[in-house]
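Down below is the structure, laid out as structure tokens.
The values are calculated or read from the model by the stated rules, or taken from the named source; none is laboratory data. As the structure is a prediction and not an experimental result, all values here were calculated from the model. Ideal geometry is used to build each Cβ from the backbone, glycine not excepted, and the neighbour counts take in all protein chains shown.
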Amino acid sequence: MSSTKNERSYKAQKVIDRMGQKLTRQMVGSLTACVHCGMCTDSCHYVLANPGDPTFAPAYKADRIRRLFKRHYDWTGKVFPKWVKAGSVFTDEELQELKDIVFGKCTNCRRCTVNCPMGVDLATFNRMARGLLCYVGIMPEGVEYVAKEQWEIGNQMGVLKEDYVETIEWQEEELQSEMEDPTAKIPIDKPDSNIVYVINPREIKHDPRSILDAAKIFYAAGEDYTMPSEGWDMTNFGLFNGDDELGGAVAGRVYDKVDELRGKKLVISECGHGYRSTRCEDTSKRER
Ligand code: SF4
Ligand code: SF4
């Protein structure tokens, strides 16, 4: 009885298969459009910080992902693999090398796209590549930890609800003391508020005075606001690491809580890790 040895590792095969499910028209356009003119090179801060090292050039980094697309999902790579520099991944070590590029050599800032005459958007398919690797459990250790906490506990620092509420109440006492007003409040779960204010878990865990600072602004403005007891983490590591399921779940928790409280606007504090490009959204225009 003969046995067949796979030429590719289990994870490498999963990454290639998953790529076929995640490619979008926009990504395919960017994966095929690069003419290697080099006009984007000096726009990348990694290139500026590492002069003389061509492996930081946007086109070089993009080619590490592009070669997989060409080999498995583009006819040119199947017919003329050497001409179009098509290639594949076979081992977990190669996936680790890809991880170091897509997480460690590109921030998805899109500065190169602004300078590209062909409109190549590296950030879209770099994020896709991050997601492919996360899908098989290959990602930086810190990213894995916070993503797990965000999925399982509901926020990236694993703060329990009772600790969150207790910290808000502590800051409310500070607010009353500093404002010399015993009626000053940091409302939690107040329905029909004008603003629902969500924060970065770092504020609860390491820097609660930033919550107090925001509360003082709301107090001085006489604003009608509330902080939700759940769905309050406005960071989103699913957007960061390319895990669409996590990204959707985290954003959904926030929006669902705003809907539940019938808040009119969502305001997020500093540092959103790409949660949204705007800091304030009028939620009254959303369908409920
Ligand atoms: S500017 Fe655009 S086309 Fe030119 S090398 Fe960079 S990504 Fe490719
Ligand atoms: S998206 Fe930003 S970090 Fe990534 S290659 Fe382009 S300029 Fe560099």
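Things to note:
- Filter result for GLY38 (within 13 Å of ligand 2 (Cβ to nearest atom) and surrounded by fewer than 14 Cβ atoms within 10 Å (Cβ to Cβ)): yes
- Residues located in the range 129-156, provided they are part of a helix (DSSP H, G or I), more than 16 Å from ligand 1 (Cβ to nearest atom) and of a type outside the set (D, E, K, R): GLY131, LEU132, LEU133, CYS134, TYR135, GLY142, VAL143, TYR145, VAL146, ALA147, GLN150, TRP151
- Hey, THR235 over 22 Å from the mean Cα position of the chain (by Cα) and of a type in the set (Val, Ile, Thr) or not: no
- Screening PRO191 with (1) at pLDDT below 95; (2) not in a helix (DSSP H, G or I) gives one miss only, at (1).
- Test result for VAL159, within 16 Å of ligand 1 (Cβ to nearest atom) and in a loop (DSSP other than H, G, I, E, B): no
- All positions within the range 53-78 that are within 16 Å of ligand 2 (Cβ to nearest atom), in contact with a Leu (Cβ under 7 Å, 6 or more places away or on another chain) and under 17 Å from ILE16 (Cβ atoms): ARG64, ARG66
- Note on the range 93-121: residues that are loosely packed, with under 14 Cβ neighbours inside 10 Å and in a helix (DSSP H, G or I) total 5.
- Within the range 241-275, the set of residues being at pLDDT below 95 and of a type in the set (Phe, Trp, Tyr) comprises just one member, TYR275.
- One residue alone among LYS61, LYS99, LYS70, LYS14 is assigned by TED's automatic domain parsing to the domain that holds MET128, closer than 20 Å to ARG130 by Cα and in contact with a Gly (Cβ under 6 Å, 6 or more places away or on another chain), and that residue is LYS70.
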